[in-house]
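Undergrad: Following this message is one structure expressed as structure tokens.
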Ligand code: 13P
């Protein structure tokens, strides 16, 4: 079924698990990502950057996701990742995206509140959810680049104020993760997460999931992370397999021979992540 971010994170909260939010870059890898969730019996969030949404087409993206979600009987949320432009956010919501992120993390605090609140009002009036961001997450991704020394960790007291003033459905926090970190792993600031979780009672979001150590997942989930973004790990592996396949496949062979192995690799990674995201060794009552 087609779901909002609010709906899938509510389920995650009840079950003390997190929902994987996986970035897709094309339509090729998409069906296997959703089938991975189906096989694991878990909801999934598919997210796109604005550039990917424009490349595929907002309406096409919505139609494809709805069709697969219904066909496969999986709960899927379609989320616009890191948007800073009201017109693009409106285009996504009007086309039927069930969730958007307004990333005002680069703005002064008050301006971030005012602009995020405006997005929340529009999104909620149209049945979509909103993720806000406070503090800055390091690294580089499509259109968003933060230098290492410009990183600002999320302050718990700001998070309380931001959530109360904006009405966001989920909050992305900066606790030491970096976008696009695929050659090394990061030190996540768990004590800071605990402080934020103690005072903020909406789902928290981790960005830069590729660079997070898998052994840290339970602590993150047990302390309120209900949306867990993973992008680069899928992208890098899809590209590696596709490059090798393209290199060895005759030019007159169907493109299937090149892309199916890459799609299947992505499926296996998504399944592996979801296994960990379901947090099966930890009790239900750690929820919040
Ligand atoms: P990675 O690409 O580092 O996994 O991060 C994904 C993400 O946070 C998208 O916003």
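Quick note: the coordinates plus some simple rules give every number you see, no bench work behind them. Keep in mind the model is a prediction, meaning the values are calculated, not measured. Ideal geometry is used to build each Cβ from the backbone, glycine not excepted, and the neighbour counts take in all protein chains shown.
Undergrad: What residue among 43, 218, 108 shows peak mean-square fluctuation when the chain is described by a Gaussian network model with Cα springs under 10 Å?
TA: 108
Undergrad: So, one more: Identify which of 204, 80, 276 has the largest mean-square fluctuation in a Gaussian network model of the chain, with springs joining Cα atoms closer than 10 Å.
TA: 276
Undergrad: Moving to a separate point now. Once you've got the GNM for the chain with C-alpha springs shorter than 10 Å, pick whichever of 233, 157, 265 has the biggest mean-square fluctuation.
TA: Most flexible of the set in this elastic network: 157.
Undergrad: Would you give the gap between the C-alpha center of the range 99-122 and the C-alpha center of the range 1-61, rounded to a whole Å?
TA: 22 Å
Undergrad: Starting from the Cα of residue 126, step 7 Å toward the Cβ, then list every residue of the range 60-98 with an amide N under 12 Å from that point.
TA: So the set is 80, 86-98.
Undergrad: Sticking with this one: Which order do 278, 101, 73, 1 fall in if you start with the one that has the fewest other Cβ atoms within 10 Å?
TA: 73, 1, 278, 101
Undergrad: Still on this structure: Where does the range 35-87 land on Rg(C-alpha)/(2.2 N^0.38 Å)?
TA: Dividing the Cα Rg of the range 35-87 by 2.2 N^0.38 Å gives 1.21.
Undergrad: Testing the spin-label approximation: label points 7 Å from Cα along Cα→Cβ at residue 264 and residue 182. State their distance in nm.
TA: According to this spin-label approximation, the distance is 2.0 nm.
Undergrad: Still on this model: Please state, to two decimals, what the Cα-based radius of gyration of the chain comes to when divided by 2.2 N^0.38 Å (N = residues).
TA: With N residues counted in the chain, Rg over 2.2 N^0.38 Å equals 0.95.
Undergrad: Return 234, 107, 171 ranked ascending by Cβ neighbour count within 10 Å, so the fewest neighbours appear first.
TA: With the fewest neighbours first, 234, 107, 171 line up as 107, 234, 171.
Undergrad: Next question, about the same structure. What is the fewest-to-most order of 129, 245 by other Cβ atoms lying within 10 Å of their Cβ?
TA: Going from sparsest to densest Cβ surroundings: 245, 129.
Undergrad: Give me the extension gain from residue 54 to residue 214: residue separation times 0.36 nm, minus the current Cα-Cα distance, reported in nm with one decimal.
TA: 54.4 nm is the gain from fully extending residue 54 to residue 214.
Undergrad: Which value, in nm² and rounded to one decimal, describes the direction-averaged projected area of the C-alpha convex hull of the range 209-288?
TA: So the mean shadow area of the Cα hull is 5.9 nm².
Undergrad: Per residue and in Å³, how big is the convex hull formed by the alpha-carbon atoms of the range 31-120?
TA: In the range 31-120, the Cα hull volume divided by residue count equals 96 Å³.
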